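First up is the structure itself, then whatever we jot down about it.
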């Protein structure tokens, strides 16, 4: 997926600001243009993961031309596109094999049981919270 971003130009005393207009509230910054782009990728992926964790849907990306018409406030900003790997957001179930000391596994199972979860469900819940 390719998401357009608007980059507010920075200088020696101001960071480059980044906004992802298709993802409300998703923004980032960086001291250099390269850092701003890298941070934008992280911010977009984090925004998407949080949206999925809340049961929401990821909006489809707009085209650059659509956004330029709809957002005149970014007229003097630089437009770019950030690519997000859809595999990073894949919720397909995958079986994994992990190795834990028995005492740790016993504690894990006890906590999962107390929470009313399966071992796998408990691990997933703890990871996402």
Semi-axis lengths (Å, descending) of the ellipsoid that matches the C-alpha gyration tensor of the chain: 39, 17, 12
Acute angle (nearest 10 degrees) that the helix 102-114 long axis makes with the longest principal axis of the chain, alpha-carbon atoms: 80
Where a label projected 7 Å from the Cα of residue 69 along Cα→Cβ would reach, residues of the stretch 17-39 with amide N under 19 Å: 21-23
Förster radius 30 Å - calculated FRET efficiency between residue 97 and residue 49 (Cβ-Cβ, nearest 0.05): 0.80
Computed helical MRE - 222 nm, the chain, DSSP H runs ≥ 4 contributing -39500 (n - 2.57), nearest 500: -12500 deg cm²/dmol
Cα-projected label distance for residue 129 with residue 38, points at 7 Å along beta-carbon direction, nm: 3.3
Value of relative contact order over the chain, rounded to a whole percent, pairs C-alpha under 8 Å and six or more apart: 25
Principal-axis tilt of helix 119-128 within the chain, Cα atoms, nearest 10 degrees: 30
Inter-centroid distance (Cα atoms) of the stretch 1-26 relative to the stretch 63-129, Å: 23
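Taken together, the values in this text are just the output of simple stated rules run on the coordinates, not laboratory data. Note that the structure is a prediction, hence the values are computed from the model and not measured. Cβ coordinates were reconstructed from backbone atoms using ideal geometry, including for glycine residues, and neighbour counts include every protein chain displayed.
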